[in-house]
Amino acid sequence: MNRIYMDHSATTPVRQEVVDAMLPYFTEKFGNASSVHTFGQEAHVALDESRQTVAELLGARPEEIVFTSGGTESDNMALKGVALALREKGRHIITCAIEHHAVLNTCSWLEKHGYEVTRLPVDSTGLVDPDELARAVRPDTLLVSIMMANNEVGTIEPIAELVTAAREAAGRRVLFHTDAVQAVGHIPVDVEELGVDLLALSGHKFYGPKGVGVLYVRSGTRMDPLQHGGHHERSRRAGTENVAGIVGLATALKLACDEMDEETVRLRGLRDRIHEGLLSAVEDSMCNGHPEQRLPHLVNLSFKNVEGEAMLLSLDALGIAVSTGSACTSGTLEPSHVLTAMGVPAEIAHGSLRFSLGRINTDEEVDYVLEKVPPIIERLRQMSPFATKEFSA
Ligand code: PLP
């Protein structure tokens, strides 16, 4: 059986070019980048070159790039690092209801440690309203953290507008972090155009290795380190650098940015075929997220009166890998916090599927999906004890 992978927002396969670029740093060029001898210097040069590449691709300066272990660490470092450094200036943080748990759970932790968090609502398409952000800003607001693109529905937030709104309302340069883990490598990201102070990204979302990421930190931003030890990463993150991983991340990002224009057109075409094909073939179905301001490779669809996990398992049995917004937690199916925040009723949110496409997907694979998904939903609906017919898309 052919396996079809349409879950690229969860993770991507590492590109062969990336593996090839990384391999020497496991074997003959294995030095510690802090060592003075030639082995160390080889690693140091690779680190410098990777930093330069990533900085250029983000419109940043090399000294503003901190290599981390991934998106989760970058988000933690941004939120906790700024909160600790600025605790004498204020204790208020603003975020939004549809962030990844790397941000939401970090905010909850900060609340337990004396900080106050405002979670902005989103509209039915997943957008944060700049006016709402402006109203939430207070004299003691030390950081705003709003994601660039949502991982479940793909909605792209108007970050530049939000940054301006927050600063105008504050009458000062309030710090702004964006979790751009789902955006970088897929849509253009330039820290100057966005105006952000901190930005998180993760290598495994754009065909790089897992366990390596970046936090962009604008020069002059006060941020305490979370790990203490040596003076790595300009004393912002102690620990011997993951040189092979960093080389892989930089190589993957360069390839993704070089190919972005062409790949975006191709993926948008595949995505739209899935979107239109399934909505027209399946009754009582709808698309979640913003109709235009969304990632080119991701579509989230809901099918009323079917459980997401049941669809997922049936599709997996046919070799199709996608994901669902509902998660089986301690025996109860919880609808996704993202869809709930967007006002999607529980019975619709439960039946959501996320198709996230990538380099390896083809038109033939989309044909197969369009052939297999509708009968599966039909079958599951017949088995569903609560099938009703009052839903309108
Ligand atoms: N932020 C977002 C929006 C994500 O989608 C993810 C991963 O799915 C993360 C953060 C966490 O990144 P990592 O897996 O590199 O820790």
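The values are calculated or read from the model by the stated rules, or taken from the named source; none is laboratory data. Small disclaimer: the values here were computed from a predicted structure and weren't measured. Neighbour counts run over all protein chains shown; Cβ positions are idealised from the backbone, glycine included.
Quick check on my filter: what residues within the stretch 190-200 are touching a His at 6+ places or on another chain (Cβ under 9 Å), outside any strand (DSSP E or B) and within 16 Å of the ligand (Cβ to nearest atom)? Write out each step before concluding.
Narrowing the stretch 190-200 to residues touching a His at 6+ places or on another chain (Cβ under 9 Å): 196-200.
So of that shortlist, the ones also outside any strand (DSSP E or B) come out as 196-197.
Result: VAL196, single match.
State the number of residues belonging to the stretch 163-189 that are acidic (Asp, Glu) and either under 16 Å from the mean Cα position of the chain (by Cα) or within 12 Å of the ligand (Cβ to nearest atom) (or both).
Within the stretch 163-189, the subset acidic (Asp, Glu) is 168, 179.
Of the ones still in play, those that are also either under 16 Å from the mean Cα position of the chain (by Cα) or within 12 Å of the ligand (Cβ to nearest atom) (or both) are 179.
Within the stretch 163-189, residues that are acidic (Asp, Glu) and either under 16 Å from the mean Cα position of the chain (by Cα) or within 12 Å of the ligand (Cβ to nearest atom) (or both) number 1.
Within the group ALA85, ALA97, which residue is surrounded by fewer than 18 Cβ atoms within 10 Å (Cβ to Cβ) and within 16 Å of the ligand (Cβ to nearest atom)? Break it down into steps so the answer makes sense when it comes.
Numbers: ALA85 fails: within 16 Å of the ligand (Cβ to nearest atom).
So the residue among ALA85, ALA97 that is surrounded by fewer than 18 Cβ atoms within 10 Å (Cβ to Cβ) and within 16 Å of the ligand (Cβ to nearest atom) is ALA97.
Right, LYS254: in contact (Cβ under 8 Å) with a residue 40 or more places away in the chain and within 13 Å of the ligand (Cβ to nearest atom) or not? So that I can check it myself, show each step before the final result.
Working: in contact (Cβ under 8 Å) with a residue 40 or more places away in the chain: yes; within 13 Å of the ligand (Cβ to nearest atom): no.
The answer is no for LYS254.
Just a yes or no: is a residue in the stretch 56-63 assigned to a strand (DSSP E or B) and out of contact with any helix residue (DSSP H, G or I) (no Cβ under 7 Å at 6 or more places or on another chain)? Working first, answer last.
Filtering the stretch 56-63 for residues assigned to a strand (DSSP E or B) gives none.
So far as the stretch 56-63 goes, no, none of its residues is assigned to a strand (DSSP E or B) and out of contact with any helix residue (DSSP H, G or I) (no Cβ under 7 Å at 6 or more places or on another chain).
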Going by the conditions given, is PHE30 in contact with a Phe, Trp or Tyr (Cβ under 8 Å, 6 or more places away or on another chain), modelled with pLDDT of 95 or more and either within 16 Å of the ligand (Cβ to nearest atom) or in a loop (DSSP other than H, G, I, E, B) (or both)?
-> yes
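ALA160 - would you say it is within 28 Å of LEU298 (Cα to Cα) and within 16 Å of the ligand (Cβ to nearest atom)?
Details: within 28 Å of LEU298 (Cα to Cα): yes; within 16 Å of the ligand (Cβ to nearest atom): no.
So ALA160 does not fit the description; no.
Kindly provide the set of residues from the stretch 33-42 that are surrounded by 13 or more Cβ atoms within 10 Å (Cβ to Cβ) and either aromatic (Phe, Trp, Tyr) or part of a helix (DSSP H, G or I) (or both), ordered by number. Spell out the reasoning first.
Going residue by residue through the stretch 33-42, those that are surrounded by 13 or more Cβ atoms within 10 Å (Cβ to Cβ) are 33-35, 39-42.
Selection gives PHE39, GLY40, GLN41, GLU42.
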Mind checking whether some residue in the stretch 221-230 is within 16 Å of the ligand (Cβ to nearest atom) and of a type outside the set (Phe, Trp, Tyr)?
-> yes
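Residue-wise test of (1) among the hydrophobic types (A, V, I, L, M, F, W, C); (2) within 22 Å of MET77 (Cα to Cα); (3) not assigned by TED's automatic domain parsing to the domain that holds ILE65.
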{"residue": "PRO130", "(1), (2), (3)": "no, no, no"}
{"residue": "ALA134", "(1), (2), (3)": "yes, no, no"}
{"residue": "ILE146", "(1), (2), (3)": "yes, yes, no"}
{"residue": "LEU162", "(1), (2), (3)": "yes, yes, no"}
{"residue": "ALA166", "(1), (2), (3)": "yes, yes, no"}
{"residue": "THR178", "(1), (2), (3)": "no, yes, no"}
{"residue": "ILE187", "(1), (2), (3)": "yes, no, no"}
{"residue": "LEU194", "(1), (2), (3)": "yes, yes, no"}
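Filter the stretch 170-184 down to the residues that are touching a strand residue (DSSP E or B) at 6+ places or on another chain (Cβ under 8 Å), part of a loop (DSSP other than H, G, I, E, B) and not polar (S, T, N, Q) and list them by number. Before you say what the answer is, go through the steps one by one.
If we filter the stretch 170-184 for residues that are touching a strand residue (DSSP E or B) at 6+ places or on another chain (Cβ under 8 Å), which is where we start, we get 170, 174-184.
So of that shortlist, the ones also part of a loop (DSSP other than H, G, I, E, B) come out as 174, 180-184.
Scanning the stretch 170-184 gives VAL174, ALA180, VAL181, ALA183, VAL184.
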By residue number, the members of the stretch 64-80 that are in a helix (DSSP H, G or I) and within 16 Å of the ligand (Cβ to nearest atom) are GLY71, THR72, GLU73, SER74, ASP75, ASN76, MET77, ALA78, LEU79, LYS80
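Examine the stretch 262-282 for a residue that is more than 16 Å from the ligand (Cβ to nearest atom) and part of a loop (DSSP other than H, G, I, E, B), and state whether such a residue exists. Write out each step before concluding.
First, pick out the residues of the stretch 262-282 that are more than 16 Å from the ligand (Cβ to nearest atom): 262-282.
If we keep only those that are part of a loop (DSSP other than H, G, I, E, B) as well, we get 282.
Yes.
Can you tell which of VAL18, VAL45 is within 16 Å of the ligand (Cβ to nearest atom) and part of a helix (DSSP H, G or I)?
Details: VAL45 fails: within 16 Å of the ligand (Cβ to nearest atom).
Every option except VAL18 fails the conditions.
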